[in-house]
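Heads up: the structure comes next, in structure tokens.
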Amino acid sequence: MDKVDNIILVLSGKGGVGKSTLSVQVALGLLRAGHRVGLLDVDLCGPSIPAMLGVEDAEIYESEVGPGQEKGGWKPVYTPLNDDANIENKLAVMSIAFISKNKSQPVIWKGPKKTSFIKDYFINKVQWGELDYLVVDTPPGTSDEHLSLIESFKMSRTKALIITTPQMVAIGDVRRELKFCRKAGLPIAGIVENMSGYVCPHCAECTNVFSSGGGEQLAEKENLPFLGRVPIDPRMAELLDSGRCFEMKPTEDDDDSSWNAINDIVNKLKEIVSG
Amino acid sequence: MSENPEDAPEHCPGVESQDAGKASACAGCPNQNVCASGEARKPDPDIPKIKEALMNVSHKILVLSGKGGVGKSTVTANLALALSQHNEDDENVEVEPAEVGVLDIDLCGPSIPRILGVMGEASHGSASGYSPVYAADNLCVMSTGFLLGEDEAIILRGAKKNRLIKDLLYQVDWGTLDYLLIDTPPGTSDEHLTITNLLSQVGVSGAIIVTTPQEISLLDVRKQINFCKAVGIPLIGIVENMSMFVCPKCSKSSTIFPRIKGGVEGVANEMNLSYLSNVPLDPVIGKCCDQGKSIFDEHPNSSAVAAYKNLATSVIKFCEENQDFVKSSN
């Protein structure tokens, strides 16, 4: 971790708001901008990242034991696997999904085992090399996994990126997550509101399926930067579900496509992190 | 099952293990002698207390997913409402509405109080335990949400979460209930191990799995199903949530979450589960949840209400036709 310049912890508190989706999109956005980027999936029970990137069958390469070392390190999986994506660097990815032989078998670990796995393997064993950004996807909640990360990372180069959907049911949990961040001394880069509106393909009416405005109101109330809104996009959902997110391209449509929204968020995030 | 103590070393073999107190990791642990003597493998003294607290609860039902944000809490709350309002049997004969309870063990993100319109209420202690909060005459709720301030976070490691769950089970005066629905957090973690272990010993009717149509959700759902099978919890079936979006303006349906492979029905067939119900993605559901209003009152003729009533009927039938699962102790 010594050669990682900036760590972005993607947090929510609420499940299913799009942490993994946005972790992938932010990592890809940074990669397209020419940076060296890693993506660490710390969700041990529900690791979605490899499937979204289409690399769920990849295996971890263990490097040989070097002088003074007791055991070899883990090399991250580098993607895209081919060179079609027209990207200078590759994304370095790590997830427990690479170790699970049977993807349908649950990881049923209690807190202490999760903590020691995260610290011994994800933090100390993975050889990330030099990275400008390490994006870390987390499970929902404020529990062992989150505490392990707070204990392992230097807060001076770590920032939290908070994801919410517009509904009050999500906002409540996210407020708790903000309190957790503040208690832990984890600086917060800002808030992103995901699943913000859906445009009916039949009549073009935009419906606030999961209510509206909650994310921006929360940012204002908590005096935090509001980084942007990402609309519900079935096309993006399909690409992620089928592991083809490198195929995500800008559309020729209107200004509020999810592509533009994510690029705006990435640009604001870079400014905040370097500022 | 006793949870590992807080001061256990990192590679603790587990207090239940045959190596407890004897493994190399045990050296220096303050509990080493206790483990080595076999004390830690004694039966859990909280089980009889939980059995007593739940002795008048006829059917205990877990609502699980694995994946976050698929609508476990929404489905739990609306199933509870549907069960509490179900007043006709298959032959349209009037029946007494059931007494229903909801236990919310999502310790970090307790949504149930908001959804059922009882956020901000307090639970009161008495000689017979803490009283659940009543959302209706025959619908009561217990959640850490009642114990916390609005923004307060529960930041707990595993062992303390387990203690809190046990307290929520036996320190609450549940009274007589036909159904106790238990809403869970996402994942397959300490909370799930604790609740399935406890319920296996006191009796559980089964688990309902909630999912959305996305492949990313189904990845986690398969794990959750295998988890239930591994711990012996019967599976009542699977609920497909957010199946189709119905536009409030033009009333046409569209698919927000495209099905890549067989979808939820595919998983139900593959894993031999009943497909219980299919709930549409209707903006009124989210609105009612946020405002703590009942969709049964606000939009009684919606397809969402029909779907939840359907689900309730299936759950009632399953409970009538099947015995509770209880793990035999030997």
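The values are calculated or read from the model by the stated rules, or taken from the named source; none is laboratory data. Predicted, not measured: the structure shown is a model, and the values here were computed from it. Because the Cβ atoms are built from the backbone with ideal geometry, glycine has one as well, and the counts that use them run over all protein chains shown. Protein only, heavy atoms only, side chains kept; ligands, DNA and RNA dropped before computing areas. Shrake-Rupley method; radii C 1.70, N 1.55, O 1.52, S 1.80 Å.
If you go through the stretch A:153-172, how many residues are within 12 Å of residue A:14 (Cβ to Cβ), open to solvent by 10 Å² or more (accessible area, probe 1.4 Å) and not in a loop (DSSP other than H, G, I, E, B)?
Within the stretch A:153-172, residues that are within 12 Å of residue A:14 (Cβ to Cβ), open to solvent by 10 Å² or more (accessible area, probe 1.4 Å) and not in a loop (DSSP other than H, G, I, E, B) number 3.
Restricting to strands (runs of 3 or more DSSP E) lying wholly in the stretch B:43-149: which have 1 or more residues that are closer than 21 Å to residue B:228 by Cβ?
Of the strands (runs of 3 or more DSSP E) lying wholly inside the stretch B:43-149, those with at least 1 residues that are closer than 21 Å to residue B:228 by Cβ span B:57-64, B:100-104.
Conditions tested, residue by residue: (1) touching a Ser or Thr at 6+ places or on another chain (Cβ under 6 Å); (2) surrounded by fewer than 21 Cβ atoms within 10 Å (Cβ to Cβ).
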{"position": "B:265", "(1), (2)": "no, yes"}
{"position": "B:273", "(1), (2)": "no, yes"}
{"position": "B:285", "(1), (2)": "no, no"}
{"position": "B:300", "(1), (2)": "no, yes"}
{"position": "B:310", "(1), (2)": "yes, yes"}
{"position": "B:314", "(1), (2)": "no, yes"}
{"position": "B:322", "(1), (2)": "no, yes"}
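Among the residues of the stretch B:159-198, how many are among the small types (Gly, Ala, Ser), crowded, with 24+ Cβ neighbours inside 10 Å and either in contact with a helix residue (DSSP H, G or I) (Cβ under 6 Å, 6 or more places away or on another chain) or touching a residue at least 60 places away in the same chain (Cβ under 8 Å) (or both)?
Residues that pass the stated criteria total 1.
Could you list, in sequence order, the residues of the stretch A:1-23 that are closer than 16 Å to residue A:93 by Cα, aliphatic (A, V, I, L, M) and touching a strand residue (DSSP E or B) at 6+ places or on another chain (Cβ under 7 Å)?
Within the stretch A:1-23, A:4, A:7, A:8, A:9, A:10, A:22 meet the criteria.
Specify the residue that is nearest to residue B:227 (Cα to Cα); the eligible residues are those in the stretch A:97-115 that are β-branched (Val, Ile, Thr) and surrounded by fewer than 21 Cβ atoms within 10 Å (Cβ to Cβ).
Restricting to residues being β-branched (Val, Ile, Thr) and surrounded by fewer than 21 Cβ atoms within 10 Å (Cβ to Cβ), the top hit is A:108.
When you scan the stretch A:139-148, how many residues do you find that are within 17 Å of residue A:179 (Cβ to Cβ) and open to solvent by less than 10 Å² (accessible area, probe 1.4 Å)?
4
Based on what the data block shows, is residue A:40 within 12 Å of the chain's Cα centre (by Cα), part of a strand (DSSP E or B) and either under 27 Å from residue A:238 (Cβ atoms) or without any contact (Cβ under 8 Å) to a residue 40 or more places away in the chain (or both)?
Spelling it out, residue A:40 is indeed within 12 Å of the chain's Cα centre (by Cα), part of a strand (DSSP E or B) and either under 27 Å from residue A:238 (Cβ atoms) or without any contact (Cβ under 8 Å) to a residue 40 or more places away in the chain (or both).
For the stretch B:251-262, which positions are surrounded by fewer than 19 Cβ atoms within 10 Å (Cβ to Cβ) and in contact with a strand residue (DSSP E or B) (Cβ under 8 Å, 6 or more places away or on another chain)?
Passing the criteria: B:252, B:253, B:254, B:255.
Say we look at the stretch A:109-154 and pick out the residues that are touching a helix residue (DSSP H, G or I) at 6+ places or on another chain (Cβ under 6 Å) and among the hydrophobic types (A, V, I, L, M, F, W, C); which of these is farthest from the other protein chains (Cβ to nearest Cβ)?
This residue is A:135.
Going by what's in this entry, would residue B:110 be described as facing chain A (nearest Cβ under 9 Å) and surrounded by 17 or more Cβ atoms within 10 Å (Cβ to Cβ)?
Taking the combined requirement at face value, the residue satisfies it.
Kindly list the number of the only condition in (1) farther than 24 Å from residue A:107 by Cβ; (2) open to solvent by less than 30 Å² (accessible area, probe 1.4 Å) that fails for residue B:217.
(1)
Go through (1) facing chain A (nearest Cβ under 10 Å); (2) open to solvent by less than 20 Å² (accessible area, probe 1.4 Å); (3) at pLDDT 90 or above one by one and return the number of the condition residue B:242 breaks.
(2)
State which residue pairs qualify: first residue away from chain A (no Cβ under 11 Å) and inside the stretch B:260-275, second residue open to solvent by 100 Å² or more (accessible area, probe 1.4 Å) in any location, beta carbons under 9 Å apart, and separation of 6 or more residues or different chains.
Filtered contacts from the stretch B:260-275: B:262/B:269; B:262/B:270; B:275/B:265; B:275/B:269.
Yes/no matrix, rows are residues, columns are (1) of a type in the set (S, T, N, Q); (2) within 9 Å of chain A (Cβ to nearest Cβ); (3) within 30 Å of residue A:240 (Cβ to Cβ):
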site: B:145; (1), (2), (3): no, yes, no
site: B:182; (1), (2), (3): no, no, no
site: B:208; (1), (2), (3): no, no, yes
site: B:216; (1), (2), (3): no, yes, yes
site: B:235; (1), (2), (3): no, no, yes
site: B:250; (1), (2), (3): no, yes, yes
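Has the stretch B:289-300 got at least one residue that is touching a residue at least 60 places away in the same chain (Cβ under 8 Å), away from chain A (no Cβ under 14 Å) and over 24 Å from residue A:205 (Cβ atoms)?
Taking every residue of the stretch B:289-300 in turn, at least one turns out to be touching a residue at least 60 places away in the same chain (Cβ under 8 Å), away from chain A (no Cβ under 14 Å) and over 24 Å from residue A:205 (Cβ atoms).
If I ask for residues that are modelled with pLDDT of 80 or more, of a type outside the set (Phe, Trp, Tyr) and closer than 17 Å to residue A:24 by Cα, which ones from the stretch A:248-275 would you list?
Correct list: A:258, A:260, A:261, A:262, A:263, A:264, A:265, A:266, A:267, A:268, A:269, A:270.
For the stretch B:153-178, how many residues are part of a loop (DSSP other than H, G, I, E, B) and away from chain A (no Cβ under 14 Å)?
So the count comes out to 5.
In the stretch A:182-275, which helices (runs of 4 or more DSSP H) lie fully inside it and hold 2 or more residues that are among the charged types (D, E, K, R), over 25 Å from residue A:135 (Cα atoms) and more than 14 Å from chain B (Cβ to nearest Cβ)?
none
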